[in-house]
Amino acid sequence: MVDQMKDEDLVFSRVKPDVCGDAHPKALLKTIQEDGDALKKLANQHIITCDQFDRQTILQLFRLASKYESNPKRYNNPLQGKILISAFYEPSTRTRLSFESAWHRLGGDIMSITDRSTTGIAKGESLSDIGEMFNNYGDCVVLRESNEDSVKEMTSTLRIPIINAGNGTDEHPTQAMADLYTIFKWRPELLLDNPKKIRIGVVGVPSYMRTVRSLLKIFAHFPEIFEEIVIIHDQEEDKIFTEGQREQLEKAGLKLRLTNRLNKELPELDVVYINAIAWVDNGFESHGEKFVLNAQSPLKDDAIILHPLARGDELATDLDGTPHNWYFSQARGAVFLRMALLTCMVERTEMVMDVI
Ligand code: CP
């Protein structure tokens, strides 16, 4: 069969070129001055919430991520000899595979759980007992679990660092880091003094959606880059935030406004972040079903769209081939961001700092 293929067939069977956002990771190397000490603080740290970071640590992680992204072949296995326990008790495409890709690219080994029914959990084993066992098997844990208390429970016995890769409706800190990393690659000048501020629309519900909750928390470390954050939702207003959530964000300097009119806002938005899924208990809920972005949406010419994915009807595929599509770049950048974080957590930072 193969020898009967014509040239035209081959054209259609080739790998498609990457059409998504044109990010410039090298620009971050110029706008962020190196400060290796900020990264050393991450050694053996659990990564649980975006609240735990400070600006300098976030920026230095982005700098290291941009080094990795700029020179993906120049790092010689800094995680060789280290083992990652990738424990996903809830479905995932991007988070699990990007963490595992990051670890593999750095030369480490991986043990992976992808199905809770094949583990001791099916026999009623507690996460604290599983954490005690993990201490014997690996050097770092990445955990996704549907219960908000899961990370806390596992850290009660863990003596190796853990990353919260999504705990129910609570947080997904490395997703938020990847989101902000994308924004800074898109507009590195936001990191200069007195930046021209951006207006961002967030289609989602901060009280239910862990990606949105973590996103707003990481934004709270950089309030000076936002003219306004418009929360676009279809809920009753008293359900948008949990108790104290809005106050915490506003106290940090974010200007928040709520609306239920997406298309009215779009012509003024520089960034549109959209998500429609909240993971609740052992299943997901969809929200904002009336909000849809497609190639006919009244977007600013230079507006970018971010989405943590997986997508549903809210993000039409006819946007994939347009310059608004930065969601694929966002997913790609998450690999490098996670490479940077993992390197620091297992104390291999010095092995990569001197490579430019
Ligand atoms: N963004 C995200 O968390 O995707 P997955 O559920 O596929 O990991």
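Each value in this text was obtained by applying a stated rule to the coordinates, not by laboratory testing. From a predicted model like this one, the values you see are computed outputs, not experimental measurements. Note that we place each Cβ from the backbone using ideal geometry, even for glycine, and neighbour counts take in every protein chain shown.
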With the charge dipole of the chain built from beta-carbon charges (+1 for Lys and Arg, -1 for Asp and Glu) about the Cα centre, the Cα from Leu266, Ala43, Gly166 projecting farthest to the positive end belongs to Ala43
Rounded to the nearest Å, what's the spacing between the alpha carbon centres of the range 69-93 and the range 253-281? Just the number, please. 32 Å
Just the number, please: percent antiparallel of the DSSP beta bridges in the chain, rounded to the nearest 5. 10 percent
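Counting pairwise Cα distances across the chain, what percent come out greater than 34 angstrom? Please report the intermediate quantities before stating the final value.
On the way: 16613 of 63190 pairs.
When every Cα pair of the chain is considered, 26 percent fall beyond 34 Å.
Using only the Cα atoms of the range 125-229, build the gyration tensor, take square roots of its eigenvalues as a ≥ b ≥ c, and label the shape rounded, prolate or oblate: rounded if a/c is under 1.5, else prolate if a/b is larger than b/c, else oblate.
Values: a/c = 3.83, a/b = 2.17, b/c = 1.76.
Taking the square roots of the gyration eigenvalues as a ≥ b ≥ c, the range 125-229 is prolate.
Loop sites only, by DSSP: take the trypsin sites (Lys or Arg not before Pro) in the chain that have at most 12 other C-beta atoms within 10 Å and name the longest stretch containing none of them.
Numbers: sites that count: Lys6, Arg14, Lys73, Arg74, Arg159, Lys196, Arg261, Lys290.
My reading of the result: 75-158 is the longest stretch.
Counting DSSP beta bridges in the range 173-332, what percent are antiparallel, to the nearest 5?
Working: 4 of 23 bridges.
Bridges in the range 173-332 that DSSP calls antiparallel: roughly 15 percent.
For the residues Ser146, Ser70, what sequence is obtained by ranking on other C-beta atoms within 10 Å, fewest first? Don't jump to the answer; show the numbers that get you there.
Working: Ser146 19, Ser70 16.
Fewest-to-most ranking of Ser146, Ser70: Ser70, Ser146.
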Beyond a 25 Å Cα-Cα separation, which of these cross-linked pairs lie in this structure: Lys152/Lys217; Lys73/Lys217; Lys185/Lys264? Lys73/Lys217; Lys185/Lys264
Just to check, using Stokes-Einstein with a Kirkwood Rh over alpha carbon pairs, what's the diffusion coefficient of the range 173-332 at 25 °C and 0.890 mPa s in µm²/s? 156 µm²/s
Ranked Met177, Met111, criterion: other C-beta atoms within 10 Å, fewest first: Met111, Met177
In Å and whole numbers, how far do the C-alpha atoms of the range 276-321 stretch along each principal axis, longest first? 39, 18, 15
